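Rule-based calculations on the coordinates, nothing more; no lab input. Remember, it's a predicted structure, so these values are computed and weren't measured experimentally. Positions of Cβ are generated from backbone atoms using ideal geometry, with glycine treated the same way; all protein chains shown enter the neighbour counts.
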Amino acid sequence: MERPIDYLRERFWRGYGFSSIGKTNDDVLAWLDETANRRVHGTHHRPVDERWTEEVLRLGPLPASDYDTSLKVFRKVYRDCQLSFNGNRYVVPHRAVGQRVLLKAKNGQLRIYQDQDLLATYAEPATKKNLVADPRFYEALRHDKEQIRRKYGRSKGKASRGLANGSLWIDVHHRPLAEYEQYAQGGVAWNS
C-alpha cells in the first residue's frame, strides 16, 4: 500500500468517536483484523493478511541495535581543545586537536567521536555561549610530558620554559581567601 495514512484516515478515523487511547487502540486492532487486513489489495489481488503471512517467512532478523537517528555533523577541534556546536563550545581530549571529529546529537545529549572512539559525552546546555568541559581533559594535557617538551622544550624561548618544569603552574585554588581580602581592602599592591 502506497498511502497507508490516507487509507487509515479515510477508512477508520472518518466518523470515529474518540473516547480514550486504550479504547482506540483496541478498536484499531479490531479494525485491522476484521477489515483492513482482509481486503483484497489492488496491486497483487490477494488479501493483505495472506500476502503478509508469505512475506514474513522471507524477512531477515532485526539488527542487533536500533538505527542511529542522531543528528550527525563534523567539526574541527581547535588548538585550545575546543570545538563549536549549536552556539556552545565543548572541550575534548588534546589528542584530537587539528582533527575533524563526528558529533552525534540526540535527546539533549552530545556524543563526540574520533573515528570509532568515543571522546566525550555531554548534556547540551539549554542556553548558548557556554563552555562545556570535563576538567580531566585539560588536566591530561597539563601532564602530557611529550606535549610539554615539544611546545616548551629547550628549543623554545626562556619565558615558556617555566611551563615545562612546572614553575609557572600556580595552585590558586589552594590559597586562603584572606590573602585576596588584603588586595580588596587596598592593603597590598597588586603587582607585588
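With θ taken as phi - 60° and the Karplus curve 6.51 cos²θ - 1.76 cosθ + 1.60 applied, the whole-hertz 3J(HN,Hα) list for the range 124-134 is 6, x, 6, 10, 9, 6, 9, 9, 9, 9, 9 Hz, x standing for glycine and proline.
Using R0 = 41 Å, the C-beta based FRET efficiency linking GLN185 and LYS76 works out to 0.30.
Remark: for residue pairs LYS72/LYS128; LYS76/LYS106; LYS72/LYS129; LYS104/LYS145, the C-alpha separation exceeds 28 Å in LYS104/LYS145. The Kirkwood radius of the range 71-134, taken over pairs of alpha-carbon atoms, gives through the Stokes-Einstein law at 25 °C and 0.890 mPa s a diffusion coefficient of 214 µm² s⁻¹. Distant-in-sequence amide contacts of ALA120, defined by a placed amide H-H separation under 5 Å and a gap of 5 or more residues or a different chain, comprise ILE112. Net charge of the neighbourhood of ALA105, taken over other residues with C-beta under 10 Å away and scored Lys/Arg +1, Asp/Glu -1, is +3.
Three principal axis extents of the range 1-69 based on alpha-carbon atoms, in descending order, are 39, 35, 19 Å.
Distances between placed amide hydrogens fall under 5 Å for ASN88 paired with LYS129, all partners being 5 or more residues away or on another chain.
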